[in-house]
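Structure first, then comments.
The values are calculated or read from the model by the stated rules, or taken from the named source; none is laboratory data. Remember, it's a predicted structure, so these values are computed and weren't measured experimentally. So basically every Cβ, Gly included, is an ideal-geometry build from the backbone, and we count neighbours across all protein chains shown.
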Amino acid sequence: MAIIDDTYCEAFEGLCCQLLITAQDAEFLNRAANAFTALPSTVFGDAEGGIVRWLSEKETIDGRLGAIVQLWVTGTSKKATAKFYTQLGRRMRQGILVVPTTAVFNYYPYKSETKFDIMNNVGHCGDGYEEIMIKFERKMISIPLMMGYDFLIEKELTYAKGIMGGNFYLFCDSVNSAIKIGREAVRIIDEIDNVCPTFDVCSAGSKVETNFPEIGPSTNHSYCPTLKNKIPSEEFKVPEGVHSIPEIVFNALDLVTIKSTMKEVIDGIINMDGLIKISAGNYGGKLGKYKIFLRELRV
C-alpha cells in the first residue's frame, strides 16, 4: 500500500460552464469535444477545459451521441467574467460550430442566476440570418451553414463559481508504472459527474516561481527525477526508489465534488503495484484559499 503524504492540495476559485455537445456520429463528436477543450491552459490564468463524460444516444437531449464538457477561467472578478465570455465564444465558434452536425446545450446541473447570452459571441455567426426558436423545450439559436442544415446552440448558457486545482502527485517506481497508475486515476475521475481532468496524465507539474515568466509556469525542478545530482540536495525532493511523478489535475463544480473525487481516486489506486506515495501540489497558500488535506480524506 502506498504512503499518503502528510500534505494538502491547494485549490482555488474559478468560473465554469458545463455544456452538452451532440453530433451525428462519434468522429464528429470527438473532433468537436477535443477542439473545444484543447490546450487546457496555455499559460496559467487562460481558459482551460476538459471532458466530463461521453453519453449514448439514449442519454442526450436530442437523441444523438454526446459529450459533457466544461470550460473554466481562473478568478471570479468582472475582468475574469469578460475574459470567460470571450474565450467561450472563440472556442465555440472555432471548435464546435465548424464541425459538421454538431449542436450545443446548456448542461449546468445546479440552479444559477448567472448566464451568458450567446447571441453576440456565437449567434451572429449567422450574419443576421440566425433565428431564435423553441426546440427540445429550450430557446435555441439556429445558424444556417453551407452544409445544408442549421447549427443549433442554446441561447443562454449558465456559468457559476467552481473549484479549480484539485491535484495529485503520484510517486511511482518507473515511467511505465506512472503511466498505468495515472491512467487509472483519470479513468476514475471520468466516472464521476461534474468534474473534469484538464491535463489527463500530466508529465510537467509546474511551480509558482519561474526563471522565464514570459512563457508561464516552468518545470517543477525539485520533483524531476532526472535532476538528481544536478541541483542542490536541499532542493531535490524525489525520494529514493521514485523514478516518475505524474500530476493529475482536475476541476469540479463545487468543493464537495473535489473532495469526494480525491477520496475515490486515492481509494482506487492506493494498492496498485509501483505506487510508492500519493502527494499533492501546493504553494504555501499563495495560490488558493482551499486546503484539502490528503490524510483527512481517508478518515
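Descriptive notes on the structure:
- Among the residues listed as GLY281, GLY268, GLY288, the single one being on the phi < 0 side of the Ramachandran plot, surrounded by 15 or more Cβ atoms within 10 Å (Cβ to Cβ) and part of a helix (DSSP H, G or I): GLY268
- Here the condition is being touching a residue at least 60 places away in the same chain (Cβ under 8 Å) and within 20 Å of ALA252 (Cβ to Cβ); of THR102, THR81, it holds for THR81 alone.
- A single entry from ASP200, ASP193 fulfils the requirement of being assigned to a loop (DSSP other than H, G, I, E, B), farther than 14 Å from ALA11 by Cβ, under 16 Å from the mean Cα position of the chain (by Cα) and among the acidic types (Asp, Glu): ASP193.
- Qualifying residues in the range 80-110 (those that are β-branched (Val, Ile, Thr) and assigned to a helix (DSSP H, G or I)) - the one farthest from GLY63 (Cα to Cα): THR81
- Extreme residue, surrounded by the fewest Cβ atoms within 10 Å (Cβ to Cβ), among residues of the range 158-181 that are over 24 Å from PHE293 (Cβ atoms) and either of a type in the set (Val, Ile, Thr) or within 18 Å of the chain's Cα centre (by Cα) (or both): VAL175
- Evaluated against (1) surrounded by fewer than 16 Cβ atoms within 10 Å (Cβ to Cβ); (2) in contact (Cβ under 8 Å) with a residue 40 or more places away in the chain; (3) not in a helix (DSSP H, G or I), GLU113 falls short on exactly one condition, (2).
- Residue in the range 161-184 that is touching a residue at least 24 places away in the same chain (Cβ under 8 Å), within 24 Å of GLY63 (Cβ to Cβ) and assigned to a loop (DSSP other than H, G, I, E, B) present: no
- The set of residues from the range 246-283 being at pLDDT below 95 and among the aromatic types (Phe, Trp, Tyr) comprises just one member, TYR283.
- Test for THR86: is it of a type outside the set (Asp, Glu) and touching a Phe, Trp or Tyr at 6+ places or on another chain (Cβ under 9 Å): no
- Condition check for PRO217: closer than 28 Å to ASP173 by Cβ, of a type outside the set (Val, Ile, Thr), surrounded by 12 or more Cβ atoms within 10 Å (Cβ to Cβ) and without any contact (Cβ under 8 Å) to a residue 40 or more places away in the chain: no
- Enumeration of residues in the range 36-59 that are modelled with pLDDT under 95 and among the aliphatic types (A, V, I, L, M): ALA38, LEU39, VAL43, ALA47
This table checks each residue for (1) assigned by TED's automatic domain parsing to the domain that holds GLU264; (2) surrounded by 15 or more Cβ atoms within 10 Å (Cβ to Cβ); (3) part of a strand (DSSP E or B); (4) in contact (Cβ under 8 Å) with a residue 24 or more places away in the chain.
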residue	(1), (2), (3), (4)
ASN121	no, yes, no, yes
GLY128	no, no, no, no
ILE134	no, no, yes, no
ILE143	no, yes, yes, yes
LEU152	no, yes, yes, yes
ILE188	yes, yes, no, yes
ALA204	yes, no, no, yes
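- Residue within the range 228-243 that is out of contact with any Asp or Glu (no Cβ under 8 Å at 6 or more places or on another chain) and assigned to a strand (DSSP E or B) present: no
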